[in-house]
Amino acid sequence: MTQPLFAASTGEVVRVALPVPADDLFDYAVPATIATPIRPGMRVRVRFRDRKLTGVVAETGSGACFEGELRAIEDVIDEVPVISAAMLEILTDAARDALCPIGLALATALPAGSAPRSVSGLALTPRGRAALEADALPSEARRALEKLRRGARPTVDLRRSRLSASLLADLTQDGWVDEVDIEWQPSARPATERTAEIAADVEVEAALSGPLKHARQQAALFRRLCQTGRTPVTALTGDFPTVAALLRALRDRGLVVLDQRPAPRDVLGQPLHQEPPVELTPDQADVLKPILDAIRGREARSFLLHGVTGSGKTEVYLQSVGEALRQGRQALVLVPEITLTHQILARLRGRFGDDIAVLHSGLRPGERVEQWQRLHTGSTPIAVGARSALFAPLENLGVIIIDEEHDSAYKNEEGFRYHARDLATRRAKSAGCPLLLGSATPSLETRYAADHGAIRRLVLPSRIGGRPLPTVKIVDLNREREKVGRGRKIILSDPLARAMHENLAAGGQTILLLNRRGFSTQIFCFQCGFAENCPNCDIALTYHATEQQLLCHYCNHSVPPPDQCSKCGAADTALLGLGTERVEEEVRTRFPGARLARLDRDTAQRRGFTEQVLRDLHQRRLDIVIGTQMVAKGHDFPGVRLVGVVLADIGLHLPDFRAAERTFQLLTQVAGRAGRPGHDLAPGRVIIQTYAPDHDAVRPVLRHDYEAFYARELQHRAALGYPPFGHLAHVLVSGENEARTREAATALAKSADPAENVQVLGPAPSPLARLRGRFRYQLLIKGHDVAAVHAAAARVRAAGARLPDELLAVVDTQPVNML
């Protein structure tokens, strides 16, 4: 199809941000055939090169300044802007700082699947149809054309039908098929229901005594609709089995109107009892006062709510939300994990009812669009969710809350590499509202900012009701191995197993943490030392007993476990390391009567499973839960008296300067699940198994001593110039050929051309040197001047854009994950 052109100098022109790897806005003319007034933030369909794309209008203006002709936009998707002017400005600035094309950033901010899209396809030509009717084709060609007999099909679907690319190319060249664009409607659509109601101006008695006099069933259905008004058709099927035919007859008589109306799905979960505000402790009242003052004064202030586990941070959140609502404004509450939305959602609903929208990736696409629309239309004032909820269309924000602000899940690691904490700061400043960052273990950057006046630190130093923090015992696994013999694998040490027996006998619940899923981390050959590795990644395959498969946790490659070593053929192999599946097996063996569940990414894939496990744990229908970090964060289970960390060392020795900080945070957070305030007055206990009992990240957990860890870790960071004392940019270069990848990384390092106070470290192989079949090299740009680091990163990114297609360079100006 030929793209129509428009004389730009005589009409309106829009500048469109497209989801393509380019920093530019693209100019399009608005044809006279489009009557909808176009404003920034609305989506349009345009042709870009040989594709049809959905973009967001960033600017509008007159075409008088343009010479020649521009392509015209083909359609306007929205009647009103879906991205506000304020959010457009925020995302434009954030995308520039993240070195991300603005079109990709704007696409990230909108619900996936909410816009139409085009796919490349093939359609039968008249010549192809004639050849098909003549029945004189080779079998494969006939099979391909038969698939197009009823209409165009996406090329990708044809390839999935085992039709080769060369065959499809030959059919195109011979003129039997044409390449076409196939327009697909949005895949994420709100749910609707069919309804029926009496048509306007219908005389009921006249209808019953006239056309329906001898149509008994139609008359009965007509009477029902007179009583109920507009009614879902599904509500009528019980009493009227042939309701569809009856309604069609009534519609044809002009007596009934059939229509569709929105029928949003329930994503809020089970109904809950109302939860009135509780009496605040003096500490809670002290920290709440400046927050409420900022909400009332529309002040864009940032607060760090630093409170030990169980100190009542959530109640401070709830009262802050309540004040925002009393001021006629809105509230946005973020949690790091989808699993945590259930708990905070229950508390919010108990206090404020069901006028809450939920936004996270665990929702189906249509459900997510429904929730987004509730916020966009202003029908609900509260949004709660994980990282992506930060883009919620709330235009009158009164408070933004980020719970567990230290969590690395707040960093987006693909595409638009934003950090939720940074973006929330921008939103709060734009909206004139406070930002509340809560944590028992604040990130070093946040705490350092508070110490230097950029953020106000508010402290909750003790648990509600004066409850003590749990006692912590560290078990040295080196000594335990000497006791049991070095050849025996220790899963539950004697102190931990004994504590579990005692806790189970006393009616307490136990959480066991092992931040590694699977059964065993590798299959190892004692003869030649070979470990079964993924063929696509430089990583050992993990054995999963449930599926009887070796699985790569990065590319999902899976194979059955071999009967003998793949390298030397020896049968003397062993399962080394352990994961949550292996711990579950050990616990079932040693505690056969215990009610237990495992919660990790594998089990959480089943829809509703996570919520059910957390509900069962809260309602004491479980005795022991084994899990990864999913069980460590923010949950409140009053019956949990014992927490066991099976192996604290996982992640501690990774080549990442934040490894110690993450380990300390995880251990402190999971320890905080024990002995929390509630009906159970028994004290909590924590047992940590480790091979590094004197490590700076482990020893302070004994005394819940954040201050000691913070002071020591700051010394390490200062000596090396890492954040918060310096700024970083991380560059990852990947390709299928190792030599070319290394050469490209070397060239990019030279392109940085750093200022005197900026260092470029590398290139060096990434800690994960090959992933999904691609070799990986990395650079680190480091310096005290953020502008100089950003400028060097921008030069590297510009050079990376010129690399051959088989090479990819990714620049992250706020790196969190260094692997």
For this session: Just need a number here: residues in region 403-434 that are aromatic (Phe, Trp, Tyr) and on the phi > 0 side of the Ramachandran plot.
Result: 0
For this session: State which residue is surrounded by the most Cβ atoms within 10 Å (Cβ to Cβ) when the search covers only region 482-497 and only residues that are touching a residue at least 12 places away in the same chain (Cβ under 8 Å) and not aliphatic (A, V, I, L, M).
Result: 493
Exercise. Among the candidates 196, 152, 169, which residue alone is small (Gly, Ala, Ser), touching a strand residue (DSSP E or B) at 6+ places or on another chain (Cβ under 6 Å) and open to solvent by 40 Å² or more (accessible area, probe 1.4 Å)?
Worked result: 152
Exercise. Out of region 789-809, which residues are touching a residue at least 60 places away in the same chain (Cβ under 8 Å) and acidic (Asp, Glu)?
Worked result: 806
Exercise. What is the number of the single condition among (1) open to solvent by 50 Å² or more (accessible area, probe 1.4 Å); (2) closer than 28 Å to residue 494 by Cα; (3) assigned to a helix (DSSP H, G or I) that residue 620 does not meet?
Worked result: (3)
Exercise. Is it the case that region 646-667 has a residue that's in a strand (DSSP E or B), modelled with pLDDT of 80 or more, small (Gly, Ala, Ser) and closer than 25 Å to residue 403 by Cβ?
Worked result: no
Exercise. Scanning for something surrounded by 23 or more Cβ atoms within 10 Å (Cβ to Cβ), assigned to a helix (DSSP H, G or I) and touching a residue at least 40 places away in the same chain (Cβ under 8 Å), does region 672-682 turn up at least one residue?
Worked result: no
Seminar exercise, completed: Over region 388-436, the set of residues in contact with a Lys or Arg (Cβ under 9 Å, 6 or more places away or on another chain) and among the charged types (D, E, K, R) is 403, 404, 405, 407, 411, 417, 421
Seminar exercise, completed: The number of residues in region 372-408 that are open to solvent by 30 Å² or more (accessible area, probe 1.4 Å) and either among the small types (Gly, Ala, Ser) or in a strand (DSSP E or B) (or both) is 4
For this session: Go through region 65-98 and count every residue that is touching a strand residue (DSSP E or B) at 6+ places or on another chain (Cβ under 9 Å) and surrounded by fewer than 20 Cβ atoms within 10 Å (Cβ to Cβ).
Result: 12
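Residues are listed down the side, and each one gets a yes or a no for (1) of a type outside the set (Ser, Thr, Tyr); (2) closer than 29 Å to residue 578 by Cβ:
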{"residue": "648", "(1), (2)": "yes, yes"}
{"residue": "651", "(1), (2)": "yes, yes"}
{"residue": "666", "(1), (2)": "yes, yes"}
{"residue": "676", "(1), (2)": "yes, yes"}
{"residue": "696", "(1), (2)": "yes, yes"}
{"residue": "706", "(1), (2)": "no, no"}
{"residue": "709", "(1), (2)": "yes, yes"}
{"residue": "728", "(1), (2)": "yes, no"}
Exercise. Filtering region 222-265 down to residues that are closer than 26 Å to residue 366 by Cα and assigned to a loop (DSSP other than H, G, I, E, B), which residue is least open to solvent (accessible area, probe 1.4 Å)?
Worked result: 236
Seminar exercise, completed: The correct count of residues that are out of contact with any Lys or Arg (no Cβ under 8 Å at 6 or more places or on another chain), β-branched (Val, Ile, Thr) and open to solvent by 50 Å² or more (accessible area, probe 1.4 Å) in region 443-481 is 2
Exercise. Can you spot a residue in region 311-324 that is open to solvent by 10 Å² or more (accessible area, probe 1.4 Å) and assigned to a loop (DSSP other than H, G, I, E, B)?
Worked result: yes
Problem set entry | Answer residue from region 414-442, given it is surrounded by fewer than 18 Cβ atoms within 10 Å (Cβ to Cβ), among the charged types (D, E, K, R) and touching a residue at least 24 places away in the same chain (Cβ under 8 Å) and is farthest from residue 308 (Cα to Cα) among those | 429
Exercise. Hey, any hits in region 100-114 for a residue that's among the small types (Gly, Ala, Ser), surrounded by fewer than 16 Cβ atoms within 10 Å (Cβ to Cβ), under 25 Å from residue 412 (Cα atoms) and in contact (Cβ under 8 Å) with a residue 24 or more places away in the chain?
Worked result: yes
Problem set entry | Which numbered condition residue 224 misses (of (1) among the charged types (D, E, K, R); (2) farther than 28 Å from residue 265 by Cα; (3) at pLDDT 90 or above) | (2)
Exercise. If residue 515 passes every condition in (1) in contact with a helix residue (DSSP H, G or I) (Cβ under 9 Å, 6 or more places away or on another chain); (2) at pLDDT 80 or above; (3) open to solvent by less than 50 Å² (accessible area, probe 1.4 Å); (4) not charged (D, E, K, R) but one, which one does it miss?
Worked result: (3)
Exercise. Taking region 285-308, which residues are open to solvent by less than 10 Å² (accessible area, probe 1.4 Å) and either in contact with a Pro (Cβ under 7 Å, 6 or more places away or on another chain) or more than 16 Å from residue 455 (Cα to Cα) (or both)?
Worked result: 291, 294, 295, 303, 304
Seminar exercise, completed: Filter region 685-707 for residues that are among the charged types (D, E, K, R) and more than 22 Å from residue 307 (Cβ to Cβ); the one that is most open to solvent (accessible area, probe 1.4 Å) is 694
Exercise. Tell me, which residue of region 586-627 that is of a type in the set (Val, Ile, Thr) and more than 21 Å from residue 639 (Cα to Cα) is farthest from the chain's Cα centre (by Cα)?
Worked result: 589
Exercise. Going through region 455-495 one residue at a time, which ones are part of a loop (DSSP other than H, G, I, E, B) and under 23 Å from residue 581 (Cα atoms)?
Worked result: 486, 487, 488, 489, 490, 491, 492, 493
For this session: Being open to solvent by 30 Å² or more (accessible area, probe 1.4 Å) and over 21 Å from residue 162 (Cα atoms) is the filter here, so list the residues in region 130-145 that pass it.
Result: 130, 133, 134, 135, 136
For this session: All but one of (1) of a type in the set (A, V, I, L, M, F, W, C); (2) in a loop (DSSP other than H, G, I, E, B); (3) at pLDDT 90 or above hold for residue 278, so report the exception by its number.
Result: (3)
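The values are calculated or read from the model by the stated rules, or taken from the named source; none is laboratory data. Values in this document were obtained by computation on a predicted structure and should not be read as measured data. Glycine gets a Cβ as well: all are built from the backbone with ideal geometry, and neighbour counts include every protein chain shown. These accessible areas exclude ligands, DNA and RNA; they are computed on the full protein's heavy atoms, side chains included. Shrake-Rupley method; radii C 1.70, N 1.55, O 1.52, S 1.80 Å.
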